[in-house]
Structures are given as C-alpha cells and as structure tokens.
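**Q** For reference, the structure I am asking about is given below.
Every number here is computed from the coordinates shown, using simple stated rules; none is lab data. None of these values were measured; they are calculated from a predicted model. With ideal geometry, Cβ positions are generated from the backbone for all residues, glycine too; neighbour counts draw on all protein chains shown.
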Amino acid sequence: MEAQNIVNWISADLDLNSGGVRNTVEMLSEGNTIAFISRYRKEKTGNFTETNVREISEKFNYYIELELRKETILKSIDEQKKLTPELKKQIELCQEKTKLEDIYLPYKPKKQTKATIAKAAGLEPLAKEILAQTLSMKEDRDAVVSKYLNAEKGIDTIEKAISGAIDIVAEELSDNANIRGLIRNFILETGVMTSKATKAAEGVKTKFDMYYQYSQTIKSIVGHRLLAIRRGANEKILLWKIAVDDEKAVSMILDSIPTKNIKSLFYPELYKSCKTAYDRHIYPSLQVEIFMSKMGEADKEAINVFATNARNLLLFPPAGHKMIMGIDPGFRTGCKIAVINTNGTFKEYKTIFPHDDSGRRTQEAEDALLELIDDYEIELIAIGNGTASKETSVFVQNALKKNSLSAKIVIVSEAGASVYSASPLAVSEFPDLDVTIRGAISIARRLQDPLAELVKIDPKSIGVGQYQHDVNQTLLKKQLDMTVESAVNFVGVNLNSASMQLLSYVSGIGRTCAKNIVEFRTKKGSFKNKTELLSVPTLGDKTFKQCAGFLRISNGQNPLDNSAVHPETYNIVEKMAQDLNVSVAELIGNDALINKIDVRKYISEEVGELTLNDIIAELKKPGFDPRQNFSTAEFDLQINSIEDLSEGLALNGTVTNVTNFGAFVDIGVHQDGLIHISKLSSKFVKNPHDVVSVGQTIKVRVLKIDAELKRISLEAIE
C-alpha cells in the first residue's frame, strides 16, 4: 500500500490538511518527538496542535499495523491457492482491523469443528443443496438425503446427515463477512447492555447495587458504567449480557441469502442453519467482541480522564521559592516534620506526637513545631491528606493562631508519597533517613514544585484516575508517560537544577541521556550555555535539536538560553536586535522595542510567520512559567468527620479527582464527597473537566450523607 494512501486515510479520519499530515508523518518517521514537532515545526504541519500530532502518530501506527496484518493474510490465502484479484483488492483497500479479520475468517485455518467433521464424512454436497434451495418440495426428502449416508463415517441416519450438513452451512454463514457485519451493526444499534446480581450478591448492599437490575442500549451506555459492570463481574457480584432480538437477527441472516426459497425442499434446514449460525457462532463471538470493543473505548476514555487529571496535577501552581515545612501526619507513630529551603534542599526533621491520648506530649509537640517555624522562618506548611490529616491541621492551626504566626497551611495529596519514599531514588537521595521522613520531604516539595516532585514516581501512583487498576495497563502507562512528557515540555526545565527524572521526560532525552547530563553537570559544574550539551556522552546533534528549546539556563552566557526560543533561530533574534541597534539582552523583555519589529522582514524558506510570532511572544516574556499563580484554601476546623456533616452545610473543598460522572472533593472529613456532573453547575455540563480540575479549590454544599457506605453527595456553589 502506498504511503500516500495512509496519509489520505489519516487526513480524512482526523479532518486535517493532507499536506500537514504528510509532513508530520515524515517527521515522526525520522524520529522527531511530538513536543518538538508541535512547538518548533508549525510551518511544516500547518500549525497543528500537540493533540493533532499525537492523534496523527496514533493513526499512523494503527495503519502500519493494519498493513502488516494484510501482508500476513494475503500470504496465507495465496498459499491456499484461493487468492483472487477481487479478494486481493478487497483486502488492500480495507481500512479497519475488524473488517479485515471478517474477510479473512473463511480462509483462516481452523481446528476440528462439527463442520470439518461433517465435510470429512462427505456431507458438503448436501450442504450445497441446502444453500442452493433448488429442490422442489415434491422431491422425496429421505431419498435425496440417503445418498449421503456413510456408516463408516458415523452418518448412519437421515437425521445425522441433515444435522452434519446444517453444521457445514451454519459455519459458512458465520464466516461470511457481510453477514457478520450486518449482525454486528444490528447489535450495536439495538443491543441492550444488561446486568444483574449473582445469586451470592442478591439482597446484599454493595457499591454495585444500582446495577443489580440494570439495562441501557449499548450505543448510549457511557464508559464509566461499563467499567463498573466489568469490575462488578470480576468481583463475582454482577452478571452481564447484551440482549438482542434474536429472532430478528436470524431473519436478517436468512434474508441475506439470495437463494432462499420458502417452497424449497430444504427451506426448513436453511432456516435452522441460519439459527445455528447465529446461536452457536455469530452471537456468542460478536457479544464478546462488541463488549471488548466497548470496553476498549471505555478504557481509552478512562485513561484520558486519568491523563487529564494527572496533567492538571502536574501543572498545579507551584508555591515557588519559599521556606516550607512538610508534615506526614500520623496518630500512634507521630507526625514526621521535614523542612526544605527555598531551593527544595532538605534542612532538618523532627517527630512530634500531638495526638497522644493522654495529652501529655501535645505541648511538647507544639514547642517543637514553633521552634522549627521560628528557626527557618517557615512561610508554608504542607500537610499530607492521609490518616490524621484533619486532626494535624487543627493542631497546627491552633498553634499558629495562639502565637500570632502568619505561616499558611496547605493540604497536599500524599498519593504515591509512600511509593517514592521506599524507592531506590529516595534511598539514594536520603540514605540515612527513615521512610516516613522521606515522605514528609516529598510532601513539602510537592507544594514547592509539584511537577519536579511528581515525576519521581510512577504516574499510576498519583491516584487521580477512574478505574485505573482495571483498564489496559499497557495503554495506561503509554498515555501517562506521554502526559508527563507533555507537561514537562510545556513548562520547560532548568538544565542546571533539574533532577535526572525530570530531565528524562524532556523531548528527545530519555533516561540514559538524562543520567549522563547529571553526571556531566556534577563533574564539570553548571552549564554556561546550551551548546555545552553537545559534550555530554550520547547527546548528539539529533538529540540536541529535539531537546534544546525545552531547556533553560538562567544567568548563562547567552540570555536566549533562558527562553523557549530554539537555538536554531538565535541568529534571527540577533538580526532583530542588530536592526534595532541594541544587544539581544537589551531587546529581551523590552516591549517598546519588540513592538517595533516587523516579523515579515525575517520570513525565509526555513522560518515562517508562525515561528516568528512565537519568538516575539517569548522575547516579551522570557522564561515565563505557564502554570497559574499559587493560592490556598482553608477547611472548616469544626468539621472533622462524616458525623459532623449535615445536609445543606456549605464548606470549602479541594478537588481531588475528576471523572466523567463528576468530581470528588476533599472537605476535610477523611472521606471525599462526590459532586455529580448534574450538580457541578446551574448550566448543562457535558464534560466535568470543562468546569473543574484536580487541585482546584471550590465551595460546596452537602446534599446527602450515607454514613454506612461512607458516601457524601455534594453540589457546587457558584
């Protein structure tokens, strides 16, 4: 298949300009990253977004896999001496994997079946008679069939001969691509997804009780409901089925046979063949296929939800260069406190016991807390949102208030902190510290710069997904890795302070190269300019081109190195400055001078107006952090458990997770509440991500409380 055909297919699928698609496919094939293409090759793509480029990449991989499968199928059919010019053309023009497998099904080597046994017994001619429908009802049925009796092959009765012939016809019908396509569409259009409780679960209250007698058309059921049904089935609580009008489906198969003749001798056998084909082959396989296909869509949808939440969490506004205290709260084992300085460097730790049952150590804990706040001039106190979080917040808040201190408390998600604390990375960073102290350090750093800290753990451990443990884990990892890479390159990375983990996500770098950069930096000292990267082992011209625009050097030899301007266009900025009779340093950040630049003067074959406009924007705000400004929210100190809640109560909350059906909100009672999508706004909300995001602080009202199942229903207060 010509590459141009694939380009045309992608262009049609995504409704994108074919020229831009072709150039994008070529750049991807040459090893350019999605981040690099979307940011620095806008003229070639026609200003495709990062999402456009990623979708092109996914479609391209799909069609490449499709073409490879076609080669295998063509070879198999050709070896069987059954490949006709028409069949070859049909296969070559096929654009869907499912339809391709339908075409191949009649030629696919089979294990022994009832049909193959019947063929071996010599019943294929009788099967052809049934399909041909040419014999009149005046014929002697038994006399016609008796010609095919074969005692040696086990066909010693009329009934066995008829049954065997029906098996052959049924398999042939079930292998017919047109019939499978017809019934597939019928099920997709009219099928109803149903679920019910297993016998063991009947009458038992579970989180799946709404699915005990549930039904919804397969074409309208939303992804999270399918995911819930699958989880319920996996936990032996639910049984599922796709209900269809079976008689209608059988009639459709019968109607698709051009030779059918109600007056034929073998019309009843033809009908039975259609029913056998449907009951034994078509419906069972298509039910599973459609369920798996819908689950694949639901998986992808859930993975996209996870990725969106992860991106929002990664891009959560950083507190920045402040003195921060991190607290990993606990009851019996105490609260672990760690202090980091404005650069994230660990300074000191203590363990306090503010929740001692006797109360004897509470004052001691307060004294230790106040001493650290005073010694390090703490500005922010990050408290993990796990066990004892609210109690610790109340303790700290009271201590601050009693002593008139201005430090602010921020509740920080500690999801994955324990994963980091026990990791080889954490051990190498803090070999002499306890796991819980490392957790407190991580909590503090998450507040200072969420992106820099969260890249140290597996994105799956961030805990902002929807059925993330149930979905396709390979796809989940791939999507989350791309999400982290996208977030890192969106913000940019300080070359001289970034960790190996952060650097590894920069466009084109990877883990090995990141390790080499850190080792080079440790041995040679800070990078003074970006070109020094070319001296790093394994970092050649190709990698430099991919990564250079996303790296930053503050106070380096070249002021442009602290911007997103790519080194390949530094000469253009230098020409702009020269034309204005100023230095590059004088031009950067000077709106009055920058506004005098006519970008059209600098257009060339390599660089167009789109890139030049990006350069101008970067010159106006060099090193600009695209993340929003940091802000905090405070919980009601009087509300500490679900028992303290009442319907109608208004509270502050922090969004911890966004799903397709709503948003979960931490209101400080050890149990997140749910705002259903219908309660997110007074206006219609199609996608919860359009109105809320992970980490956002919002005001909510309590609607309903189910203490037994620990469910809290909320609504957003606009």
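**Q** Using R₀ = 41 Å, calculate the FRET efficiency as 1/(1 + (r/R₀)^6) where r is the Cβ-Cβ separation of residue 72 and residue 120; round to 0.05.
**A** According to the calculation, E is roughly 0.90.
**Q** Compute the semi-axes of the equivalent ellipsoid of the range 663-718, taking the square root of 5 times each eigenvalue of the Cα gyration tensor, and list them largest first in whole Å.
**A** One finds semi-axes of 19, 12, 9 Å for the range 663-718.
**Q** Another question about this same structure. Given 241/679; 160/272; 119/147, which pairs have Cα atoms separated by over 25 Å?
**A** In this structure, 241/679 exceed 25 Å between Cα atoms.
**Q** Quick check for you: which residues of the range 204-218 have the amide N under 15 Å from the point 7 Å beyond the Cα of residue 248 toward its beta carbon?
**A** Answer for this model: 216-218.
**Q** Given axes a ≥ b ≥ c from the Cα gyration tensor, I'd like to know whether the range 276-361 is rounded (a/c under 1.5), prolate (a/b larger than b/c) or oblate.
**A** oblate
**Q** Quick check: convex hull over the Cα atoms of the chain, volume per residue in Å³, rounded to an integer?
**A** 233 Å³
**Q** Hey, rough spin-label estimate for residue 404 and residue 647, points 7 angstrom out along Cα→Cβ, what's it come to in nanometres?
**A** My value for the distance between the label points is 4.6 nm.
**Q** Right, next: Peptides 380-387, 647-654, 140-147, 357-364: what's the order by average Cβ count within 10 Å, highest mean first?
**A** Result, highest mean Cβ count within 10 Å first: 380-387, 647-654, 140-147, 357-364.
**Q** Now for a different question. Which pairs in the list 515/621; 322/390; 460/524 are over 32 Å apart, alpha-carbon to alpha-carbon?
**A** 460/524
**Q** Could you run the Debye sum over the Cα atoms of the range 565-622, one equal point scatterer each and no solvent, and tell me log10 of I(q)/I(0) at q = 0.26 Å⁻¹, two decimals?
**A** Results for the range 565-622 at q = 0.26 Å⁻¹ read -1.17.
**Q** Turning to a different aspect of this structure: Just subtract the alpha-carbon distance of residue 105 and residue 425 from 0.36 nm times their residue separation and send over the number in nm, one decimal.
**A** Extra length available between residue 105 and residue 425 comes to 110.1 nm.
**Q** For residue 141 and residue 609 in one chain, what is 0.36 nm times their gap in residues minus the Cα-Cα distance, to one decimal in nm?
**A** My answer for the length gained is 160.3 nm.
**Q** Considering the options 270, 426, 691, tell which one lies farthest towards the positive end of the dipole of the chain, charges being +1 on Lys and Arg and -1 on Asp and Glu at the Cβ, about the Cα centre.
**A** Positive-end residue among those listed: 270.
**Q** Could you pull the Cα extents of the range 308-462 along its three principal axes, largest to smallest, in whole Å?
**A** For the range 308-462, the Cα extents along the three principal axes come out at 42, 28, 28 Å.
**Q** Which log10 I(q)/I(0) values does the range 1-81 give at q = 0.12 Å⁻¹ under the Debye formula, counting every alpha carbon as one identical point scatterer?
**A** -0.37
**Q** Further question: Let me check against my output: what whole-number percent is the relative contact order of the chain, with C-alpha pairs under 8 Å and at least 6 apart?
**A** 9 percent
**Q** Let me ask something else about it. Per residue of the chain, what 222 nm ellipticity follows from adding -39500 (n - 2.57) for every DSSP H run with n ≥ 4, rounded to the nearest 500?
**A** -14000 deg cm²/dmol, from helical runs alone.
**Q** To the nearest 0.05, what FRET efficiency results for residue 12 and residue 58 with a Förster distance of 22 Å applied to their C-beta separation?
**A** After rounding to 0.05, the efficiency reads 0.90.
**Q** One-quarter of the Cα convex hull surface for the range 310-401, in nm²?
**A** The directionally averaged projection comes out at 6.4 nm².
**Q** Give me a comma-separated list of calculated 3J(HN,Hα) values for the range 16-26, in order, Karplus coefficients 6.51, -1.76, 1.60 applied at θ = phi - 60°, integers in Hz, x for any Gly or Pro.
**A** 10, 4, 5, x, x, 5, 4, 5, 5, 4, 4
**Q** Now for a separate question. If the chain between residue 709 and residue 343 were fully stretched, how many nm would it gain, using 0.36 nm times the residue separation less the Cα-Cα distance?
**A** Gain on stretching residue 709 to residue 343: 127.4 nm.
**Q** Rounded to two decimals, what is Rg over Rh for the range 158-274 when you use alpha-carbon atoms and the Kirkwood radius?
**A** 1.14
**Q** List the residues, sorted by chain then number, that are 5 or more residues from residue 412 or on another chain and whose placed amide H is less than 5 Å from its amide H.
**A** Here 383, 384, 385 satisfy the definition.
**Q** Could you tell me which GluC sites (Glu not before Pro) in the range 35-133 are loop residues by DSSP with no more than 14 other beta carbons within 10 angstrom of their beta carbon?
**A** Answer in residue order: 96.
**Q** Defining a contact as two alpha carbons under 8 Å apart and six or more residues distant in sequence, what relative contact order in percent does the range 324-448 show?
**A** 32 percent
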